[in-house]
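The block underneath contains the structure these notes are about, expressed in structure tokens.
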């Protein structure tokens, strides 16, 4: 990774459907370059990935058909850092509680519950303490949001609300049930992109990052 | 826009602007499909719809049926809510406060105050600020969109001409809104007072558009989309997603067409994908030339 790439890593945003531009704005604010991921080829040269909010069933179906889902799984299993919010958290979970089968990326040792707080009239916003990003609490916007029902030993829960885990991380993944991209608070995006930078600094020059370099 | 009606749920503040407009942000890039029963709702969900609109008759049938078109039977709406996990929207008549309250009590995810139904009030739309459930409203130009947003709409869709399978009015309305935004952006602070008066829109919203170059809420396209290429065209023109009403379930092969329109909406700027998904879809819904409808046959002129 060149010095420029290390300071301004290239983060892909899954752009099948959902709140894509909001994440692009947030990533730009913390010094990352962004590109949209709609097909497997779009994964080339990425230093990290964001899976945004949207409808997880739409993500799974559209990305599944084109082979993108398999390609995502392979890259993420291979250590590509990823941030998932709301539907993005669902896509990264190893399992869904109480729901039917739906195509996922999987790989993170958590089980989530979809629409856990109820339908849209029960969607809410509230202050959520996220100690790893410091004080003050983040303003959590929960929209037909999931929660984390259970998490395995590889996973650190980094925020709780109403007695439920609502954000977590493992070695390469950060997930949140709420939407920091809808607020001006960039601390979670900064934590993610800083992690990508650190990983890049400790890494060899990889062939696909050369292909993707601008 | 305001948070006057924000309530306090068990977990935090419900019905805030951020929560209401936020759901529309999550729908972006997606396709919202009209469905009349649970089976159609499942077909829509399995095709990748990001939401469904529950209604008793799709707009083309409403046209054929004539008479007064009203809010759908709650039982039918609840059946659809049970059938799918994606958001469920439903329509109330323009200005029908109580139909909107009924839909909110059913925990509908988005209320469409829609010109497709027969208006209940010729002078006023619903005061949407008074609801926890978010509203989407139709618009044909920037002034109309900003009036609806001032009333509390958390999402806008172009009206187009529903039930025709003819995209020409959706195109007109999307371009008219975009041109309106461009005009506000290039205007001076003094000129914006006159624009607000001319558009019959609140000055502060005109000024917001001038500063930001877009509507304050998400803007979808609706009214006449019948093919994958139609959906891609509306995305090309700046729509943030599409509603497809009659276009899917009036066609010969609804599951395949639904799926193709979803793919074309995601990959709107890749003609090879739009070509691939358009192959072998069988017949689209029969279209109607707008001129044949006459003034009285237009739905888009309902509301102000």
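The values are calculated or read from the model by the stated rules, or taken from the named source; none is laboratory data. On a predicted model such as this, the values are computed, not experimentally measured, just so you know. Note that each Cβ is placed from the backbone with ideal geometry, even for glycine, and that neighbours are counted across all protein chains shown.
Answer yes if at least one residue in the stretch B:29-37 is farther than 29 Å from residue B:298 by Cβ and crowded, with 20+ Cβ neighbours inside 10 Å, and no otherwise. Yes, that holds for at least one residue. Among the residues of the stretch A:90-102, those identified as more than 13 Å from every other protein chain (Cβ to nearest Cβ) and in contact with a helix residue (DSSP H, G or I) (Cβ under 9 Å, 6 or more places away or on another chain) are A:91, A:92.
Filtered by the rule that a residue be surrounded by fewer than 22 Cβ atoms within 10 Å (Cβ to Cβ), touching a helix residue (DSSP H, G or I) at 6+ places or on another chain (Cβ under 7 Å) and part of a helix (DSSP H, G or I), the stretch B:200-215 gives B:203, B:207, B:210. Selection of strands (runs of 3 or more DSSP E) fully inside the stretch B:1-112 by the criterion of at least 1 residues being in contact (Cβ under 8 Å) with a residue 60 or more places away in the chain returns B:31-35, B:51-54. Residues that are more than 13 Å from every other protein chain (Cβ to nearest Cβ) and surrounded by 23 or more Cβ atoms within 10 Å (Cβ to Cβ) within the stretch A:27-44 comprise A:27, A:32, listed in sequence order. One residue stands out in the stretch A:45-70 among those that are surrounded by fewer than 18 Cβ atoms within 10 Å (Cβ to Cβ) and more than 10 Å from chain B (Cβ to nearest Cβ): the one that is nearest to residue A:174 (Cα to Cα), namely A:70.
Criterion first (assigned to a helix (DSSP H, G or I), more than 22 Å from residue B:124 (Cβ to Cβ) and at pLDDT 95 or above) does residue B:149 satisfy it? Answer is no for this residue. Against the condition surrounded by fewer than 24 Cβ atoms within 10 Å (Cβ to Cβ) and touching a residue at least 12 places away in the same chain (Cβ under 8 Å), how does residue B:218 come out, does it pass? Spelling it out, residue B:218 is indeed surrounded by fewer than 24 Cβ atoms within 10 Å (Cβ to Cβ) and touching a residue at least 12 places away in the same chain (Cβ under 8 Å).
Selection of the stretch A:130-145 for residues being buried (at least 16 other Cβ atoms within 10 Å of the Cβ), more than 11 Å from every other protein chain (Cβ to nearest Cβ) and either closer than 25 Å to residue B:131 by Cβ or touching a residue at least 12 places away in the same chain (Cβ under 8 Å) (or both) yields A:130, A:133, A:138.
Taking the condition touching a helix residue (DSSP H, G or I) at 6+ places or on another chain (Cβ under 8 Å) and under 27 Å from residue B:82 (Cα atoms), does residue B:185 pass? I'd like the intermediate steps shown before the answer.
Details: touching a helix residue (DSSP H, G or I) at 6+ places or on another chain (Cβ under 8 Å): yes; under 27 Å from residue B:82 (Cα atoms): no.
Criteria not met by residue B:185.
Pairing each residue of the stretch A:117-129 that is more than 7 Å from every other protein chain (Cβ to nearest Cβ) with any residue that is surrounded by 22 or more Cβ atoms within 10 Å (Cβ to Cβ) and not in a loop (DSSP other than H, G, I, E, B), provided the two are 6+ apart or on different chains, yields C-beta distances under 8 Å for A:127/A:140; A:128/A:140; A:128/A:159; A:128/A:161; A:128/A:166; A:128/A:167; A:129/A:159.
Can you tell which of A:121, A:111 is modelled with pLDDT of 95 or more and within 18 Å of the chain's Cα centre (by Cα)?
Values: A:121 fails: within 18 Å of the chain's Cα centre (by Cα).
After ruling out the rest, the residue left standing is A:111.
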